[in-house]
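Trainee: Below you will find the structure I want to go over with you.
The values are calculated or read from the model by the stated rules, or taken from the named source; none is laboratory data. All values derive from a computational prediction rather than experimental measurement. For neighbour counting, all protein chains shown are included, and Cβ atoms are generated from backbone atoms with ideal geometry for every residue, glycine included. Ligands, DNA and RNA are stripped out before the accessible areas are found, and what is left, the full protein with its side chains, is counted by its heavy atoms. Shrake-Rupley method; radii C 1.70, N 1.55, O 1.52, S 1.80 Å.
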Amino acid sequence: MAQETAQTPSVIRQQLIRNAEQCETLVRQIKARKPSYVLMIGRGSSDHAGVFAKYLLETELGIPVMASAPSVFGIYHKSVDHQNALVIAISQSGRSPDIVNQVKSTKASGAMCLALVNDEQSPLAQAADFVLPMGAGLEQSVAATKSYLASLSALLQLCAYWNNNTALLASLNNLPDALEQVLTHPAQLTPDLLHDIQHCVMLGRGFGYAISREMALKLKEVLAIHCEAFSSAEFMHGPSAMLANQLHVIDVQVEDETADVHSSQIQTFAQQGGRVVSLSHPKLALHPRCLPLLVVLRFYVDIERIAQAYDRDPDRPQGLKKVTETH
């Protein structure tokens, strides 16, 4: 996990160069089809990348994005009409049967299907109309790290070409260097901070919430800590009652349009009894949409080291395997 996390800057640097021409081709095809909405398909970390995609494509392009329910086709055996959709299926392995079968179903209904996949020879890649490679290389740790971040950078590059966002494209060119800086920064989470914590919540807003979904999963996978992610706005609607028990709160800060209102909500939660630990990113001159990746990378480094300190194997968590094949 440590080695693969450290490979992230070079993976993304190479990916952005390799995929530039493919993104231009894809954008021409997408604009010719004029999809009325985007359907995201994925499980686990890939599903969380889909949440990031929802915020990204809706804020930058104004196109509706919805999440699929693979069980509708796989378990209930029902087909849904997606003929006006751009379907984006995200998978590291491209081998989960329910994901592959749902792509085949949406394609049969007339959708344009794009596979954002690490294994370009996988069944998912073969089922889709187009492939946008993550280019993360072999990932052996059960916990996805470089492949998750590579899925976000691929989405950012596709979006930047889609709306001809020169500012975002320029920041993407600087993103690998920024990620390398993050690898050398001091830890934000330490063994002492998480010692004896069995339950906590992780709160973000907008893109901060999107990455909180992924980071909460990693706390479960790597450290066996029960952590649930909430939008800091949604947390006010009932769950904040748990703060009376001095609940641990991991605050995910992203310096974008949500920063002021999110920080205000976190201050309120602290006053209500929450025990707050904050995660953030260095103040670098990057487009705001790139900043969440810096938070995630530092988090990955920290929890791998904490796992080692706790004498846990971060690469092979108990009861898990790399490729999860759901039906």
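Trainee: If you take every residue apart from V296 with its C-beta less than 12 Å away from the C-beta of V296, what net charge results, scoring Lys and Arg +1 and Asp and Glu -1?
Mentor: Spelling it out: positives minus negatives among the neighbours equals +2.
Trainee: For the stretch 133-194, rounded, prolate or oblate, judged on the Cα gyration tensor with a ≥ b ≥ c (square roots of eigenvalues), a/c < 1.5 rounded, else prolate if a/b > b/c?
Mentor: oblate
Trainee: Considering Cα pairs under 8 angstrom that are at least six residues apart, work out the relative contact order of the stretch 20-76 and quote it in whole percent.
Mentor: Once divided by the residue count of the stretch 20-76, the mean separation gives 35 percent.
Trainee: Where does the chain land at 222 nm, in deg cm²/dmol rounded to the nearest 500, when only DSSP H runs of n ≥ 4 count, each adding -39500 (n - 2.57), divided by all residues?
Mentor: Here the helix-only value at 222 nm equals -15500 deg cm²/dmol.
Trainee: How high is the relative contact order of the chain? Use alpha-carbon pairs under 8 Å, at least six apart in sequence, and give a whole percent.
Mentor: 21 percent.
Trainee: A follow-up question, please. If contacts are Cα pairs under 8 angstrom and at least 6 residues apart, what is the relative contact order of the stretch 185-310 in percent?
Mentor: 32 percent
Trainee: Taking Cα atoms, how many degrees apart are the long axis of helix 45-61 and the longest axis of the chain, rounded to 10 and kept between 0 and 90?
Mentor: 70 degrees
Trainee: In whole percent, and with a 1.4 Å probe on the protein chains, what portion of the accessible area of the chain is carbon and sulfur?
Mentor: Accessible surface attributable to carbon and sulfur in the chain totals 48 percent.
Trainee: Taking a ≥ b ≥ c as the square roots of the eigenvalues of the Cα gyration tensor of the stretch 1-111, is the shape rounded (a/c under 1.5), prolate (a/b larger than b/c) or oblate?
Mentor: oblate
Trainee: So what's the angle, to the nearest 10 degrees on a 0 to 90 scale, between helix 97-108 and the longest Cα principal axis of the chain?
Mentor: 40 degrees
Trainee: Let me ask something additional. Taking a ≥ b ≥ c as the square roots of the Cα gyration tensor eigenvalues, with a/c under 1.5 meaning rounded and otherwise prolate when a/b beats b/c, else oblate, which class fits the stretch 185-310?
Mentor: Oblate, because a/c is 1.5 or more while a/b does not exceed b/c.
Trainee: Please turn the phi angles of the stretch 182-194 into ³J(HN,Hα) values with the Karplus equation 6.51 cos²θ - 1.76 cosθ + 1.60 (θ = phi - 60°), one per residue in order, whole Hz, x for glycine and proline.
Mentor: 4, 4, 9, 7, x, 5, 9, 10, 10, x, 5, 5, 9
Trainee: Another question, if that's okay. Charges only on Cβ, +1 for Lys and Arg, -1 for Asp and Glu: so what's the dipole of the stretch 1-175 about the Cα centre, in debye to the nearest 20?
Mentor: Computed charge dipole of the stretch 1-175: roughly 260 debye.
Trainee: Roughly speaking, what is the stretch gain from Q14 to H237, that is 0.36 nm per residue apart minus the C-alpha to C-alpha distance, in nm to one decimal?
Mentor: Result: 76.0 nm gained on full extension.
Trainee: Among Q22, I41, L57, whose Cα projects farthest towards the positive end of the dipole of the stretch 1-90, with charges put on the beta-carbon of Lys, Arg (+1) and Asp, Glu (-1)?
Mentor: Checking the options against the dipole of the stretch 1-90, the answer is Q22.
Trainee: Can you tell me the order of 19-26, 190-197, 262-269, 142-149 when each peptide is scored by its average per-residue count of other Cβ atoms within 10 angstrom, highest first?
Mentor: So the peptides 19-26, 190-197, 262-269, 142-149, ranked by packing, come out 142-149, 262-269, 19-26, 190-197.
Trainee: If you don't mind, there's one more thing I want to ask. What FRET efficiency do you get for K78 and D313 if R0 is 45 Å and r is their Cβ-Cβ distance, rounded to the nearest 0.05?
Mentor: So, using R0 = 45 Å, E works out to roughly 0.65.
Trainee: Could you report the chain's accessible area per residue, 1.4 Å probe, as an integer in Å²?
Mentor: Ligands and nucleic acids excluded, the result is 43 Å² per residue.
Trainee: At a 10 angstrom cut-off on C-beta neighbours, averaged per residue, how do the peptides 223-231, 8-16 rank from highest to lowest?
Mentor: 8-16, 223-231
Trainee: Return the sequence-ordered ³J(HN,Hα) values of the stretch 199-214 in whole Hz as given by the Karplus equation 6.51 cos²θ - 1.76 cosθ + 1.60 applied to θ = phi - 60°, using x for Gly and Pro.
Mentor: Those phi angles translate into 9, 7, 10, 10, 10, x, 9, x, 5, x, 5, 4, 6, 4, 4, 5 Hz.
Trainee: Taking amide H positions as placed 1.01 Å from N in the peptide plane, with prolines and chain starts having none, which residues 5 or more places from C113, or on another chain, fall under 5 Å of its amide H?
Mentor: Placed amide hydrogens put V87, D129, F130 under 5 Å from C113.
Trainee: Please work out how much length the chain gains when fully extended from S109 to R43, using 0.36 nm per residue of separation minus the C-alpha to C-alpha distance, in nm with one decimal.
Mentor: 21.6 nm
Trainee: Another question, if that's okay. In nm, what is the difference between 0.36 nm times the number of residues separating Q181 and N163 and their Cα-Cα distance?
Mentor: In short, 3.6 nm is gained.
Trainee: Can you figure out the FRET efficiency of Q198 with S263, using R₀ = 30 Å and their beta-carbon distance, to the nearest 0.05?
Mentor: So the FRET efficiency works out to roughly 0.65.
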